[in-house]
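The values are calculated or read from the model by the stated rules, or taken from the named source; none is laboratory data. No experiment lies behind these values; they were computed from the predicted model shown. Because the Cβ atoms are built from the backbone with ideal geometry, glycine has one as well, and the counts that use them run over all protein chains shown.
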Amino acid sequence: TQKIVRFVVSQLLACERPEEHYVECVTALLRSIGATLEASDAGKRHLRHYMLRLSELSGKTYPPRIKFQIQNLLELQQNGWLGKDHAERARTRQEVRQDAVRERRALAHGANPTRRRVAGERPQYILDQMEDERRQTERRAVLMAEVRQLLGDFEGRNMELLERNWTRITLDVPGVVPVVGVLIDLGVADPTLCDVAAMAVTGLMRRGQVSWSDLAEAMSPTLWQLDHLRTVKPQADVFCQTIVAQLLMDPGVGQFDFCILEGLPHQSSFNLLCRALLLLKRLGMKALRFALQMSSTSLMKFLGLDAKGLHDCLVSSGVLTDPLKDVMPKVRAALSCGFSVELVESCFEQASDGFAMQLLSEVVAVLKLDWHIDASGFLRHFMSRHPKTDIVDALIFVSCVHRLNHEEVVRLCQLLDIAKEDLLRWLREPIVSSEKCMMPVIRDVLASL
C-alpha cells in the first residue's frame, strides 16, 4: 500500500547522504511501482516528492552507476513509464546480425521494432485474476438477488412454486452447491430470512433437488466457524439447528446422513445435534420420539456409543427427561413444607409429558379393564393441565403398548376430552413405524366421536 511505500522510502532517504545501496533500492522500487503510484492523485503527490529528493541526490558525490540509475528513472517517468523490453534468451552472433539488419530496415521505413512495456505495471495474470474476481462478484450479486426473490415467493410455503423457481435458477449455474451456499448465507446473515431459508433448504432436500453431499459442501464453511458465529450472529445457530431438526424428523428419501456435520469437530457436532433435538422437543414429544427412532442407529454409530451411552448423553444434555428425576424433587420439596394432597397433585400436574405417559400407562396396565371405573376422576384431574398434544401422544403411546381396542380408545378419548380435531391433527403429523398399527383404530374412533 502507499502507506508502506512512504514509510520505506522515507526510511531509506531520511539522512543527508543515504548509503549507495539505499538509493539503489529506492530507484528499483520506484521503477517497479511508479506507474501504479501515478495512477492515483495521492500516489502522484508522493511520487513527486520522491523524484525531487532523487534529483537532489543526483548532484551529490555518488558513483556514475548510481547517478545513471537516478537519471534513467527520471527519464522513465517522463516517457510515461514505457521502457524497452529486451529479449532474455541468449542468441548466436548470426541471429544478432540478422536482428540488426531487420532493425535498420525498420528504422529506415520509420518503424520502431523495439518492444515497449510500462515499468511497474501489474502482470497480466494478476489483471486476469482481478477481472475474474470482479465477474464472480457480479454473478454472485445477481444470484443473491434471484435467491432473495425465490424466498420472497416461497413465503406462502408453495413447494411446487419453489421447485419451479429453483429449476429456473440452477439452469444457469454449474451445479447446485453455489445456489445452496447463497441460501445458507442469507439464512445466516438475515434474521428475517432464517426460518423461510431453512424451510426452503429442507423442502428441496426432501424433493430430491439437493443431495446430502451438496448440502454438506454448502454448509461446511458455515459449520466450520459456527462456534464463532453463535456469539456475533445468534440466528446462525438457530438456522443450522432448524435444518438439522427438520431433516431428523423428515429426511425425505432415505435416512438422515450425518455427512452434513463433518465440517464440525466431534463435540460441536453432538452439541448441535442436541440443540436440534431440543428444538424438536419444543414441538412435542411425538416429533422428538420420531426423530430419535429414525436416527438412533446412525446417531450411535456417528458418536461411537451404545444405546445406554446415547440415552445417558441425551439425558445429561436435557434432550430426554427421566420422569422420576423430574418429579420427585418437587414432591420432596412439597412434603418438606408439610404433607398436602393438593401440593403433591400440583407436582404431578406440572410434571413432564413423559411422566404423564408413564402414569397413564401404569394406570391402564394395573387396573386393566376397570381403569375407567376406578381411576377416571384421578386421570381427568391429573391430565387436565397438560397440553392437548401431550395428552394425545400419551393416548397413542398407551394404546400401542397395551393394544387397546376400538371401544377402549373411545372411552379413553371421552375421559381425557380428546376431540376429533385432536386425532386428525395427529394423523397429519409424521408417524413412526410403531404407531402405524394404530391408524386403522384411530380412523374407526373418529367415526365414533
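Listing for the model above:
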quantity: Any hit, the range 197-219, residues being part of a helix (DSSP H, G or I), free of Cβ contacts under 8 Å to residues at least 24 places away in the same chain and either surrounded by 22 or more Cβ atoms within 10 Å (Cβ to Cβ) or out of contact with any Pro (no Cβ under 8 Å at 6 or more places or on another chain) (or both); calculated: no
quantity: Residue list for the range 40-67, restricted to those being of a type in the set (A, V, I, L, M, F, W, C) and surrounded by 13 or more Cβ atoms within 10 Å (Cβ to Cβ); calculated: LEU47, MET51, LEU54, LEU57, ILE66
quantity: Which numbered condition GLU138 fails, given (1) of a type in the set (Asp, Glu); (2) surrounded by 13 or more Cβ atoms within 10 Å (Cβ to Cβ); (3) modelled with pLDDT of 75 or more; calculated: (2)
quantity: Out of PHE339, PHE290, PHE348, sole residue that is aromatic (Phe, Trp, Tyr), modelled with pLDDT under 80 and outside any helix (DSSP H, G or I); calculated: PHE339
quantity: Looking only at the range 76-96, and only at residues there that are surrounded by 11 or more Cβ atoms within 10 Å (Cβ to Cβ) and part of a helix (DSSP H, G or I), the one that is modelled with the lowest pLDDT; calculated: GLU95
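A quick yes/no check of all residues on (1) among the aliphatic types (A, V, I, L, M); (2) modelled with pLDDT of 80 or more; (3) closer than 23 Å to ARG6 by Cα; (4) not in a loop (DSSP other than H, G, I, E, B):
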position	(1), (2), (3), (4)
LEU47	yes, yes, yes, yes
LEU74	yes, yes, yes, yes
ARG122	no, no, yes, no
TYR125	no, no, no, yes
